[in-house]
Structures are given as structure tokens and as C-alpha cells.
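Remarks on the structure that follows.
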Amino acid sequence: MSSESSTFTVHTSLLFDSKTKSFVKDTSIVVDKAQGIIADIYKRKDDEEISVRAGDIDLRGKVVMPGFVDAHAHVFLHPYDEASSTVQERDESIVERVVRATNHLRLALLSGFTTYRDLGTEGMRSFDANLRDCVNRGLVPGPRLFVATECLASTGSYEVRHENVMATMPRIADVCDGVAEVRRAVRRRVGDGADVIKFYADYRRKIMRFPPPLVPPRDAPPFVMTGLNPAVTMFSQEEMDAIVEEARLADLPVAAHTTVTKSALMAIKAGVDSIEHCNEGNDQVLREMRRQGTIYVPTLSVIKKSADGPYFEDCLRRVKKAYDLGVRLAVGGDTGGPIPHGEGALEMELMITAGLPVVDVLEACMVGGWESCGKEKSGFLFGAVAKGYRADIIALAADPREDAGALRKVDFVMKDGRVWKQDGHPVGFVEEPPRAAADGSDWVHV
């Protein structure tokens, strides 16, 4: 009696090695199906010695690489030109937002993103942790999720702003003030299941001094700075220090939303693991990030959507300067609000437009993405095709070194050793229906 093999082999003719930032030829990858990990990797002399068994996967002729990692996403948000963030947070039902999120996960996975770092539920409390658990239990297909639950913000800052003080608006942050309160807030996030702590180092706190028009455009930019409504620092240095210190006790990474130099420098001094956006930071910020080893997630996609033109060109130059200085980069477009899930490749395309080499952008996406999730403390090894790592493998129909649109031409997706896309088509999202009961059987399939 023969038993089904516990492993299968993926054969490649061109594989991107994210650790060495090189493309290697004629490599085969042995996958352990039960554990969902890469059991072995070996080089072939040539294709004449290849043996494709039943169950093996032949990806020769495609460009194979580790799954993409989006280091800054919001799975509960959909594009603001469909509905503003306020409308989504205030008017959409919990059920609608969960259903949308499951669709977003599917779109992300099929576009090659096998891991998402979700930085705030935007009004959905800690439901991202529940969604993560559903993915991990196999109830919902999607990227591996690392979640922040609710972000931390000080009083009167990151809130749904409105002029009717009698109305009740949804809560979109865990509000905390003072060293003792921020410690408690971090502990609440840890208790709710957060994988990463996110706080707002600055934001447009003074918006109600000069409120926008009564009916703003549906696709109003989410955080463009103006002279009347600049971003201002939201926590003291002592509060930021306490946030990071408390997160360290739980072995969790810390992400800081910053847009301006002052708050970015304070967050870096506190020891945060990543700086998000920083679209107005100066060279001093970049040098401090390099010195401290802080990861920079520039979110070019949201900035381009919000403020294309000279402002965006400045942001492109800043990212190139960061790269030239040796700042650690990760790839995340603030995916969800400004840009749809499933189009996360845009962030990599914009980094390439900024002047970064393709191999460095891919490495930032994969290895930098893993580092932004906490490295080994994340509990997983991913971001590389290597022995012992999660079997997150994708294949492109074109070479990104030659084709500017190649990162959108995802032909094959595997996560944890399970195939979700093959030959450009989704597979495995709907289970095959059970066979009809045999004649005379009392069993009824429901």
C-alpha cells in the first residue's frame, strides 16, 4: 500500500535570492506539505537531470521569488474615492467591513502578497487580530497577518473630526496621555493580541481651527499638509520612550506614524523599529535612521495619490537619498485607503522610479518586510526561499529587470506550501462539492 509523499518539489529556471539580491538559475525547492516549510533546496546541473514527479510543480520559464510583504496596510479600508475614511468608519456596518476585508485578503494574496503588516483597524477595534486568527486557522484565505489592533494617539488628535459635538463618532484609536496611560495602552494592545504597536507621533491636531468645507470631496487627500493645518507632535519624549520600553517587555516591534522632522527625531530617539511616511523629514532624520538601524517605510503610493507633483517629487528624492545613505527600507503603500488591495506592487514601482535598483527594492520588500514584523520575534521565518523558511513562493510571467510591469504579472502564488494561484488563475478558494450519495444510502450531504 503506497502512501502519498509528504513532500513535493518546485522546479525553477530563474529564482530570486532575496538574501544575496541575485538571480540564480536551475534551482529546485523541496516543500514539506505538512509543515508548510521549505525542507531543502538544491542546484541542478541542467534540465536534463530533472525528474518531475506527480505532485511536483514546474515553474521553469517563469521568474520565481519569495512572496511579497506589504509592511503598511489597512485591511479594513477600501479606496477613499469609493467612500471617505469617515464614511467607512461611521456608516459601514461591522459585517460589511469584515466581508470587505475578506475580499481584500483574497485580492492581496492573488497579487503575490503572502504577508501583510496591518497597522490599525480604523474603527474596527481589535477585529484584525480575529481576522488574523481566521487566516491562521484556514477559515479565510489571505496573507499572513501581523496586526496592530488599535493605534495609540493622544487626546484630541487622531479622531473622526466633526462639528456636531452632540454626536457619537466611532473610536479609531486607543487614546492615552502621560507616561502611565501610554504604558497601560500598550498593555491593552498586547492583551488584545497585537503583533506590533503603532502610535501617532504627529498628526493634524488643529484641524478644527480651520475646518474643511461642509461637504468635502469624496476622495479628499488623507493627510496632505497645509499652512493652516500642519502636523504637530502628539506625545512628549517621555511618553514615546515609555511606549517603546513597554513594547520591548512584550517583545513587540513599534511603528511610528510621522510626517515632520521634529516628531520623527523624537520617535527614532525613543527606539522605534520603523518610521512610517516621514514625507517631510530632512537629512538629519535619514542620518539618524541609518545610525539607529530604524526601518523606513516611505508609503510613496499614498503620497502620490494625495499630492502628486513637486511635493511628490521631493518625496521620491528623499527615498533615493535614504537608499544612498544606507537607511534600511521596507515596502508598504498604506494599502487600503488611497490604493486598492491587490495593487500593492505600485509601491515597489514607485521606489524603482525613485532610482532604486530592482534587486534592492525586492530585497526591501521581502527581507525588509520580515524585519519590520519583528524578525525572529515574529514567530516565523519568511521573506526568503531558504531551508526552514515558510514555503511562500510566487512566480512572475516576466522579468522585473526588463519589464516595468512585471511585478503585476503574478502567475503563481503559494503560501505555507499551499497553492492559491496557478497559470494565472485562482485555485483552491472554493472546495470541490462532495460526491453525490450512492443509491440506497441514507447519507445526505448538506
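Report the gain in length on full extension from VAL52 to LEU249: 0.36 nm times residue separation, minus Cα-Cα distance, nm rounded to one decimal.
Values: separation 197, 0.36 × 197 = 70.92 nm, distance 4.88 nm.
Gain in length upon complete extension: 66.0 nm.
Using alpha-carbon pairs under 8 Å, 6+ residues apart, how would you state the relative contact order of the chain in percent? Kindly include the intermediate steps, with their values, before the conclusion.
On the way: 964 pairs, mean separation 86.1, N = 446.
After rounding, I find 19 percent.
Mind giving me the FRET efficiency for ARG290 and LYS387? R0 is 30 Å, r the Cβ-Cβ distance, nearest 0.05 is fine. It would help to have the intermediate numbers written out before the result.
On the way: r = 31 Å, r/R0 = 1.04.
After rounding, the FRET efficiency stands at 0.45.
Read phi for every residue in the stretch 388-396 and hand back ³J(HN,Hα) as whole Hz from Karplus 6.51 cos²θ - 1.76 cosθ + 1.60, θ = phi - 60°, with x for Gly and Pro.
x, 7, 4, 7, 9, 10, 10, 9, 9
Along the charge dipole of the chain, Cβ charges K/R +1 and D/E -1, which of PHE312, HIS341, VAL95 sits furthest on the positive end?
Value computed over the given set: PHE312.
Take the alpha-carbon centre of the stretch 359-398, take the same for the stretch 175-201, and report the distance between them in whole Å.
Result: 28 Å between the Cα centres.
Step through the residues of the stretch 242-252 one at a time and calculate ³J(HN,Hα) from phi using the Karplus curve (6.51 cos²θ - 1.76 cosθ + 1.60, θ = phi - 60°), rounding each to whole Hz and writing x for Gly and Pro.
Per-residue couplings from phi come out as 5, 4, 5, 4, 5, 5, 4, 4, 9, 6, 10 Hz.
Cut-off under 26 Å on the C-alpha distance; same-chain residues fewer than 8 positions from LYS21 excluded. Which lysines are left, in chain and number order?
Of all the lysines, those that pass the test against LYS21 - Cα under 26 Å, at least 8 places apart if same chain - are LYS43, LYS45, LYS62, LYS320, LYS321, LYS375, LYS377, LYS387, LYS409, LYS415, LYS421.
Roughly how many nanometres apart are two label points built 7 Å out from the Cα toward the Cβ at SER236 and ARG137?
Computed distance between label sites SER236 and ARG137 equals 4.4 nm.
What is the set of long-range amide H partners of ASP177 at a cut-off below 5 Å, with H atoms built 1.01 Å from backbone N?
VAL182
For the stretch 275-287, in order, what is each residue's ³J(HN,Hα) by Karplus, 6.51 cos²θ - 1.76 cosθ + 1.60 with θ = phi - 60°, in whole Hz (x at glycine and Pro)?
Once rounded to whole Hz, the list reads 10, 9, 6, 6, 6, 10, x, 9, 5, 4, 4, 4, 5.
Suppose R0 equals 35 Å. What FRET efficiency, 1/(1 + (r/R0)^6) with r the Cβ-Cβ distance, do HIS425 and LYS45 give to the nearest 0.05?
Values: r = 33 Å, r/R0 = 0.93.
Efficiency for this residue pair is about 0.60.
List the trypsin sites (Lys or Arg not before Pro) within the stretch 61-128 that DSSP assigns to loop and that have no more than 16 neighbouring Cβ atoms inside 10 Å.
Details: sites: LYS62, ARG90, ARG97, ARG100, ARG106, ARG117, ARG125; in loops: LYS62, ARG125.
Hits after loop and neighbour filter: ARG125.
Viscosity 1.567 mPa s, temperature 4 °C: what is the translational diffusion coefficient of the chain from Stokes-Einstein with a Kirkwood Rh over Cα pairs, rounded to a whole number of µm²/s? Could you put the intermediate results ahead of the total?
Details: Rh = 22.8 Å.
The estimated diffusion coefficient comes to 57 µm²/s.
Could you give the length gained on full extension between ARG171 and LYS320, defined as 0.36 nm per residue of separation minus the Cα-Cα distance, in nm? Don't jump to the answer; show the numbers that get you there.
Details: separation 149, 0.36 × 149 = 53.64 nm, distance 3.68 nm.
The span from ARG171 to LYS320 would gain 50.0 nm if fully extended.
Taken together, the values in this text are just the output of simple stated rules run on the coordinates, not laboratory data. Predicted model, so just to flag it, every value in this text is computed and none were measured. Because the Cβ atoms are built from the backbone with ideal geometry, glycine has one as well, and the counts that use them run over all protein chains shown.
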